[in-house]
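A short worksheet on the structure shown next.
The values are calculated or read from the model by the stated rules, or taken from the named source; none is laboratory data. Predicted, not measured: the structure shown is a model, and the values here were computed from it. Here Cβ is always computed from backbone atoms with ideal geometry, including for glycine, and neighbour counts include all displayed protein chains. Remember, those area values only see protein heavy atoms, side chains included, never the ligands or the DNA or RNA. Shrake-Rupley method; radii C 1.70, N 1.55, O 1.52, S 1.80 Å.
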Amino acid sequence: MDLASRFYDLTWRRVRHLGGVTSLALATLGRMVTPPFQGREGLRQFEALVVDSWKLAATIAFFTGMVMALQTAYALAAFGAKLYVGEVVGLSMVRELAPVLTALMVGGRVGAGIAAELGTMTVSEQVDAMRSLGADPLRKLVVPRLWALLVGLPLLVVLANVTGILGGMVISTWELNITPGFYFAHVMRLMDYGDFFSGLGKTFFFAFAIGIIACYNGLSTQGGAGGVGRAATETVVAVAISVLVLDFFLTKLFLSL
């Protein structure tokens with residue numbers, strides 16, 4: 001196959017993939033707001049996808065806040081402005097770092113798990129069996145996972161905000177001899193509700209993208225066990241790219257409001 005044919009094949013596969021993800025998103029949106037609702041399955045998915053991720057999210061945010069405080073202190077020391085480390089850590093965590101890092105972590109951990117689980121059900125013909133029995137795979141499999149992510153990811157980001165700022169406080173207290181009260185006063189001095197909600201608002205878009213991409217890759221899996229592995233790997237890559245691209249455009253949007 002020559003270079004032009006390979007480029008055409010790759011481009012066409014990407015276009016078909018994007019079209020499939022869009023079609024799945026549109027088909028799922030209607031089912032998310034119409035009965036019957038899968039409340040028990042949604043709670044089970046919330047526990048599996050979100051509750052089991054809070055320790056990892058808190059740990060990543062805590063050490064990110066510590067690193068931010070340490071790096072900021074040394075950078076600001078040249079200008080005699082180490083006392084402003086609270087403002088930098090607070091705004092950075094709330095507006096950018098906590099939403100993006102949490103989404104990347106959840107997308108890698110949860111997205112791969114969803115793709116592998118649904119991919120296994122697809123190649124073992126369990127999804128076809130559901131259709132033959134008159135059940136709707138989208139309502140049974142996709143909608144509960146999406147609702148779990150849409151509710152759970154913002155909660156994880158709130159937790160990441162708190163632990164990240166606490167991590168910055170630890171470094172400020174131990175390394176910079178700044179009292180916790182002074183640190184938190186500086187954190188809250190520049191931060192307002194717009195900063196908090198701009199970061200939190202991104203998480204709903206991230207959660208929907210993670211769920212749709214993972215479910216689509218899982219439901220379109222082919223090729224047995226090897227196909228399941230490829231679906232999980234492609235999900236991690238696609239989710240990471242999608243989160244970063246969405247973050248850029250959402251940041252531009254929220255800054256212009």
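Atom-type composition of the exposed protein surface of segment 198-257 places 74 percent of the accessible area on carbon and sulfur (1.4 angstrom probe).
Which net charge results when you count Lys and Arg as +1 and Asp and Glu as -1 among the other residues whose beta-carbon is under 14 Å from that of residue 192?
Numbers: positive: 95, 189; negative: 87, 195.
Once all neighbours under 14 Å are counted, the net charge is 0.
Scoring 156-166, 97-107, 209-219 by mean Cβ neighbours within 10 Å over their residues and listing the highest first yields 209-219, 97-107, 156-166. Dividing the summed -39500 (n - 2.57) terms of all DSSP H runs of n ≥ 4 by the residue count of the chain sets its mean residue ellipticity at 222 nm at -27500 deg cm²/dmol. Working from label points 7 Å from Cα in the Cα-to-Cβ sense, the residue 257 to residue 173 distance is 3.4 nm. Convex hull of alpha carbon positions in the chain: directionally averaged projected area 17.6 nm². The modelled label-to-label distance for the pair residue 84/residue 237, using points 7 Å beyond Cα in the direction of Cβ, is 4.2 nm. When the Cα convex hull of segment 66-188 is projected onto planes of every orientation, the mean area is 9.0 nm². Average accessible surface for segment 170-257: 53 Å² per residue, computed with a 1.4 Å probe over protein heavy atoms with every protein chain in place.
For residue 252, the lysines whose Cα comes closer than 28 Å to its Cα, not counting residues fewer than 8 places off in the same chain, are 202. Of the listed residues 84, 74, the order by accessible area with a 1.4 Å probe, largest first, is 74, 84.
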